[in-house]
Amino acid sequence: MAASEGDAYLIEAVQGGDQDAWREVIDRYEGRLISFARRMLAQRGEAEDLVQETFLGLLRSLPNYDRRRSLETYLFAILRHKLSDHFRKHHPGRRQSLDTLEVDDAPQAWLSTETPSGYLAEAENVAAQRQALVDCLRQYVEQCRTQSRFQELMVVEMLMVLGMRNKEVAADLGLTETAVAGTKFRVLERWRQLTQASEAAREWREADLAATSTVARIWREEGVSCLKRSTLGRYLLGALDDDWTSYVEFHAEVGGCDRCLANLDDLRSEDEGGDDTREQLRQRCFASSIGFLSRRPET
Ligand SMILES: [Zn+2]
């Protein structure tokens, strides 16, 4: 589930200064970004400003954009970063909102084009290792889904991502604590095999994988188990089978995945025919960034 081909093509065109491609990027992502920002900010105007800055941030950081990352993940990372800055400046008391954003240091490197080259090389190395781990974890999630091992995936998300205790997970899922511990043991062994099989991910030791805070942060920021938009659409239509439906409910509602919830909000509002404010915001994002796009050097 790397960057979709459509996105890669669009980004290529945007880098060449193609205005239609840039408009397409804005049209495609504005809805889910504003839904995400609106979940964190009561003031619509503030949320819109941050979405506008997010698109500008994308244009500015395109030279540093790693094509292996999905564009959606990248845009959400920029927006999280903007939101976190915003809370720090304007709502210093809102600790809780900040905690759910959990932005790491990386976005700073993506957003600045003036990073010293030594630091950049180090940042690239870290980013490559991180990406390798993400690929392994995605592979694992994909295997669980194709083999309908949804319960195992729920155990993993509850333990490793949400940080729940074995006892709590057992009670919630109607399992014994021994079964939960056994699952965790097998999953860590599976992750160890996957990372050892990958040249770039080999640096990740079992202790790193078992240290749930690292995995949890990367998992959330990269949306490792986030659902495809088409899957969320079928969920809303009631067109998924029971296993998938309860998994989507778990991931979005119980797990409180703000990214999937934002996509669901956006899909619902598309169903209702959207509204004028969305088109206005798209225009505004385009108008405020287009000058920057045409200033880009020819490649
Ligand atoms: Zn998600």
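Looking at 40, 1, just one residue is at pLDDT below 85 and of a type in the set (A, V, I, L, M, F, W, C), and that residue is 1. Filtering 175, 261, 227 for residues that are modelled with pLDDT of 95 or more, within 16 Å of the ligand (Cβ to nearest atom) and either farther than 30 Å from residue 31 by Cβ or part of a loop (DSSP other than H, G, I, E, B) (or both) leaves a single hit, 227. Criterion applied to 214, 183, 231 was being more than 27 Å from residue 74 (Cβ to Cβ), free of Cβ contacts under 8 Å to residues at least 60 places away in the same chain and β-branched (Val, Ile, Thr), and the one residue passing it is 183. Right, residue 31: without any contact (Cβ under 8 Å) to a residue 40 or more places away in the chain and either closer than 17 Å to residue 8 by Cβ or assigned to a helix (DSSP H, G or I) (or both) or not? For residue 31, the condition - without any contact (Cβ under 8 Å) to a residue 40 or more places away in the chain and either closer than 17 Å to residue 8 by Cβ or assigned to a helix (DSSP H, G or I) (or both) - is not met.
So that you can scan it fast, the table gives a plain yes or no per residue for (1) more than 16 Å from the ligand (Cβ to nearest atom); (2) of a type outside the set (A, V, I, L, M, F, W, C); (3) within 21 Å of the chain's Cα centre (by Cα); (4) surrounded by fewer than 12 Cβ atoms within 10 Å (Cβ to Cβ):
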{"residue": "219", "(1), (2), (3), (4)": "no, no, yes, no"}
{"residue": "233", "(1), (2), (3), (4)": "no, yes, yes, no"}
{"residue": "239", "(1), (2), (3), (4)": "yes, no, no, yes"}
{"residue": "248", "(1), (2), (3), (4)": "no, no, yes, no"}
{"residue": "251", "(1), (2), (3), (4)": "no, yes, yes, no"}
{"residue": "255", "(1), (2), (3), (4)": "no, yes, yes, no"}
{"residue": "271", "(1), (2), (3), (4)": "yes, yes, no, yes"}
{"residue": "278", "(1), (2), (3), (4)": "yes, yes, no, no"}
{"residue": "290", "(1), (2), (3), (4)": "yes, no, no, no"}
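Within segment 226-264, the set of residues being within 23 Å of residue 130 (Cβ to Cβ) and touching a Leu at 6+ places or on another chain (Cβ under 7 Å) comprises 251, 255, 260. The criterion of being among the aliphatic types (A, V, I, L, M), surrounded by 13 or more Cβ atoms within 10 Å (Cβ to Cβ) and either away from the ligand (no atom under 16 Å from the Cβ) or under 30 Å from residue 59 (Cβ atoms) (or both) holds for residue 267.
Listed by first and then second residue, the pairs with beta-carbon distance under 7 Å, at least 6 apart or on different chains, first residue in segment 243-267 and in contact (Cβ under 8 Å) with a residue 12 or more places away in the chain, second more than 9 Å from the ligand (Cβ to nearest atom) and outside any helix (DSSP H, G or I), are 243/148; 248/240; 255/162.
Can you give me the number of residues within segment 192-208 that are touching a Lys or Arg at 6+ places or on another chain (Cβ under 7 Å) and free of Cβ contacts under 8 Å to residues at least 60 places away in the same chain? Quick ask: steps written out before the conclusion?
Here is the first cut: in segment 192-208, the residues touching a Lys or Arg at 6+ places or on another chain (Cβ under 7 Å) are 195-196, 206.
If we keep only those that are free of Cβ contacts under 8 Å to residues at least 60 places away in the same chain too, we end up with 196, 206.
Of the residues in that region, 2 qualify.
The values are calculated or read from the model by the stated rules, or taken from the named source; none is laboratory data. These numbers come from a predicted model, not from an experiment. Every residue, glycine as well, gets a Cβ built from its backbone with ideal geometry; the counts of neighbours run over all protein chains shown.
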